[in-house]
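Working notes for the structure below.
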Amino acid sequence: MTDTILPNGIKDSGGDNYFKKGCNPFAQTGRSKLQNKRASLNQQIIKQMRMRAGAENLLKATSNNKVREMVVLELSYVNSNLQLLMEQLEGLNSSVEVYQSSQETATIPLIPLGLKETKEVDFSVAFKDFILEHYSEDGKNFDDEIADLMDLRQACRTPSRSEAGIELLAKYFNHLPLLESRFFSPTRQTGIFFTWYDSFTGVPVCQQNLSLEKASILFNMAALYTQIGSRSDRQTIAGLEEAISSFQKAAGLLNHLKETFTHTPSYDMSPAMLNMLIRMMLAQAQECLFEKTVLPGIRNNFYSLLKMAQEATKVSETYDQVHQSMIQAPIKDNVPLFWSTMSQIITNHYRSLAHYFVATALLDHQLNPSDDEDQQEKTLSQVYDRLPEGRSPLDILKRRDERRRIGKAHLRRAILAHEEALRICGLCRDLRRLEVLQEILQASHQRSVNKFADNDNEDEFTDYMEAPDIISKTEHKAEMEVPTLSKGPLSIFSAKQRWTAPRTIQLRPDDGDLGFTLKGEQPVQVVSLDPLCPAAADGLKEGDYIVAVGNTDCKWLGVSEVMRLLKDVDEDGISIKVVSMMDSNPSMPTKSATFCGNLPKTYSMICLAFDDDDKNPKSRKVTKKPSFLSWGLKNRLKSASTLSLPTADASSTLPWSKPCPTFPSSSSYNNDSALY
């Protein structure tokens with residue numbers, strides 16, 4: 001079992017301090033090895049890009065011919081190394097076998113997405129400075145919360161391939177709007193850089209705002225769903241349903257990413273690339289729906305065979321659309337050859353299956369007097385978009401020779417499609433390694449050849465009639481499952497507002513009246529202030545927010561709770577702390593360094609200036625102090641690793657739709673007011 005290590009390096013045996021971690025990064029699983037290779041390649045790519053940037057700058061700055069010749073030679077070496085690294089990264093994206101089910105199954109492998117890599121981020125210094133400057137509180141009081149946040153982000157780099165991993169990413173994603181609201185002011189930069197690597201090119205992208213962080217977490221959630229779907233046991237109904245749901249959720253997340261973050265600088269999250277990925281996820285879900293239909297077996301009758309032919313045509317059609325989008329510029333320059341070749345193979349494979357089913361229905365099932373002639377004619381007419389000239393569905397059904405000719409024509413198209421799939425498979429090195437794919441294609445091809453041989457008559461005149469195309473139709477279409485992502489609670493205390501330091505006001509009742517009214521949600525606000533009351537004389541202002549009553553923190557208390565604290569004030573009075581909202585400065589444009597362009601020749605220069613080693617150690621944890629800045633990482637989460645997977649409740653609801661329990665929701669606010 002993988003031990004959970006606390007940030008200070010001390011092992012915890014359990015209890016309240018036992019919280020959720022990602023997978024053990026040192027676990028020698030196939031998936032972890034691939035992800036470690038990806039991280040290593042990203043570092044090598046950025047090193048070569050730094051060298052190329054320096055060489056190009058030197059080439060522009062020097063006029064010495066000998067120096068220029070040396071720089072040009074060095075650039076050729078660097079570009080060659082970059083090309084080799086890109087090919088290795090493409091090979092990682094083509095390594096689908098490690099993500100498949102561990103069961104011995106005869107199913108075509110599915111294509112998962114790899115997780116985006118990122119650098120570690122140290123929030124401690126920037127957040128403490130902002131807390132002191134903006135909220136007038138000592139940032140050291142929040143060392144524990146900041147360390148918890150950094151631990152959560154670090155765990156998100158290695159999520160487990162399960163629902164627990166999805167919940168881990170969703171939890172961090174739901175914290176990001178709160179961080180953005182409270183610490184990322186439009187009027188100042190925090191100095192925190194978020195760096196993420198393109199999953200296809202390895203090019204780093206660096207920004208100071210949270211848009212890139214949110215988009216990348218969404219991408220990784222979708223990628224994790226594809227890995228869960230690829231691992232499912234597709235020899236069982238439950239495994240197929242898990243795969244279908246996973247790919248549909250991945251498509252929904254990618255679509256949400258495309259519609260919400262329209263100017264993401266990373267190429268793997270560009271609209272064109274996301275459109276292609278959405279189509280690929282839906283195509284794989286449609287393939288799993290077909291497998292779920294045929295898993296119990298196909299009834300050998302006329303209607304069932306024609307129905308399955310149209311279902312197979314639907315799968316072939318969706319994969320053909322995926323392949324067409326993959327070969328369009330500029331996607332074709334960055335999509336692995338394995339992906340486009342695989343989509344082409346599956347297109348031909350299911351097209352051949354469709355023609356085989358129609359041929360079997362025509363050759364093995366003759367029209368008998370007891371059959372419903374009108375129903376068979378209607379069914380056959382709905383299979384074809386057009387028929388050969390001079391032929392009608394009823395003629396094909398009644399005339400044995402016509403039925404035989406059309407059936408053999410379908411078998412010829414099935415054999416040709418299988419041969420094309422085998423030919424394409426032999427052209428790709430990575431596909432040649434997938435023995436299960438080779439076996440499936442060869443078995444399907446041999447079955448069509450045997451069927452044709454059983455119905456071939458040497459005495460017949462050779463007929464090269466072209467079989468008509470089959471219309472696609474399905475009863476179960478793959479659809480995106482659109483998630484309901486949490487927007488996060490609206491907080492009065494945010495980075496967009498500027499506040500005074502807390503002021504202490506002494507309240508003394510005057511004939512049982514404190515001289516003001518409370519209203520609002522959390523925190524409560526002072527309204528209808530009597531300018532002649534003692535509190536006004538002590539400095540209380542209209543519109544002030546009460547943040548403490550005596551020694552009780554009431555930033556998260558409603559009107560009724562604050563009323564109970566103030567109703568028993570005696571003649572000695574009670575002290576309260578209030579803050580006032582100040583006028584905010586006009587916002588300034590956000591400055592960020594981003595990657596833009598098509599190939600790795602354009603990249604972020606800021607991210608090249610930072611190294612993984614330039615990190616500040618995490619702050620030592622101290623005793624927590626309740627505050628409106630607490631974001632609620634108090635519920636320690638259980639250990640989740642690939643070596644010892646956690647037990648998670650299976651639920652149809654998506655994890656990100658669950659409310660965060662440590663934040664007050666609008667439904668819990670009280671809108672009542674009270675007069676003192």
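The values are calculated or read from the model by the stated rules, or taken from the named source; none is laboratory data. All values reported here derive from a predicted model rather than from experimental measurement. Every residue, glycine among them, receives a Cβ derived from its backbone with ideal geometry; neighbour counts consider all protein chains shown. For accessibility, only protein heavy atoms count, side chains too; no ligands or nucleic acids. Shrake-Rupley method; radii C 1.70, N 1.55, O 1.52, S 1.80 Å.
Remarks
- In the range 203-213, residue farthest from LYS332 (Cα to Cα) [restricted to those that are open to solvent by less than 10 Å² (accessible area, probe 1.4 Å) and not in a loop (DSSP other than H, G, I, E, B)]: GLU213
- Restricting attention to the range 43-58 and to residues that are among the hydrophobic types (A, V, I, L, M, F, W, C) and open to solvent by 40 Å² or more (accessible area, probe 1.4 Å), the residue that is farthest from THR195 (Cα to Cα) turns out to be LEU58.
- In the set VAL482, VAL547, only one residue is surrounded by 15 or more Cβ atoms within 10 Å (Cβ to Cβ) and at pLDDT 80 or above; that residue is VAL547.
- Positions within the range 500-536 being surrounded by fewer than 13 Cβ atoms within 10 Å (Cβ to Cβ) and either among the aliphatic types (A, V, I, L, M) or not in a loop (DSSP other than H, G, I, E, B) (or both), in sequence order: ALA501, THR504, ASP513, LEU532
- Residue within the range 214-223 that is open to solvent by 10 Å² or more (accessible area, probe 1.4 Å) and at pLDDT 90 or above present: yes
- Just so you know, in the range 253-278 the residues that are of a type in the set (S, T, N, Q) and within 17 Å of GLU213 (Cβ to Cβ) include one that is modelled with the highest pLDDT, and it is THR260.
- Selected residue [closer than 27 Å to ALA359 by Cα, touching a Leu at 6+ places or on another chain (Cβ under 9 Å) and in a loop (DSSP other than H, G, I, E, B)] from ILE345, ILE298: ILE298
- The range 381-412: number of residues that are under 30 Å from GLN344 (Cα atoms) and either at pLDDT below 80 or open to solvent by less than 50 Å² (accessible area, probe 1.4 Å) (or both): 10
- Qualifying residue in the range 418-433 (condition: open to solvent by less than 30 Å² (accessible area, probe 1.4 Å) and either among the aromatic types (Phe, Trp, Tyr) or under 30 Å from GLN376 (Cβ atoms) (or both)): yes
Per-residue answers, yes or no, for (1) among the hydrophobic types (A, V, I, L, M, F, W, C); (2) modelled with pLDDT of 95 or more; (3) in contact with a Gly (Cβ under 9 Å, 6 or more places away or on another chain):
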position	(1), (2), (3)
ASN300	no, no, no
SER304	no, no, no
VAL315	yes, yes, no
TYR319	no, yes, no
GLN328	no, no, no
LYS332	no, no, no
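- Filtered by the rule that a residue be open to solvent by 10 Å² or more (accessible area, probe 1.4 Å) and closer than 15 Å to LEU253 by Cα, the range 280-313 gives a lone residue, LEU282.
- Set LEU353, LEU367, LEU363: member being open to solvent by less than 60 Å² (accessible area, probe 1.4 Å) and in a loop (DSSP other than H, G, I, E, B): LEU367
- Taking the range 224-244 as the range and being open to solvent by 10 Å² or more (accessible area, probe 1.4 Å), of a type in the set (A, V, I, L, M, F, W, C) and in contact (Cβ under 8 Å) with a residue 24 or more places away in the chain as the test, the residues that pass are ILE237, ILE244.
- Against the list (1) surrounded by fewer than 21 Cβ atoms within 10 Å (Cβ to Cβ); (2) touching a residue at least 60 places away in the same chain (Cβ under 8 Å), the condition ILE331 fails is (2).
- For the range 436-448, the count of residues that are at pLDDT below 85 and not polar (S, T, N, Q) is zero.
- Residues in the range 256-279 that are among the charged types (D, E, K, R) and surrounded by 19 or more Cβ atoms within 10 Å (Cβ to Cβ): LYS258, ASP268, ARG279.
Okay, residues lined up against (1) of a type in the set (D, E, K, R); (2) outside any loop (DSSP other than H, G, I, E, B); (3) open to solvent by 10 Å² or more (accessible area, probe 1.4 Å):
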site	(1), (2), (3)
ALA106	no, no, yes
ILE131	no, yes, no
PHE142	no, yes, no
ILE146	no, yes, no
PRO159	no, no, no
ILE166	no, yes, no
LEU169	no, yes, no
LEU179	no, yes, no
THR201	no, no, no
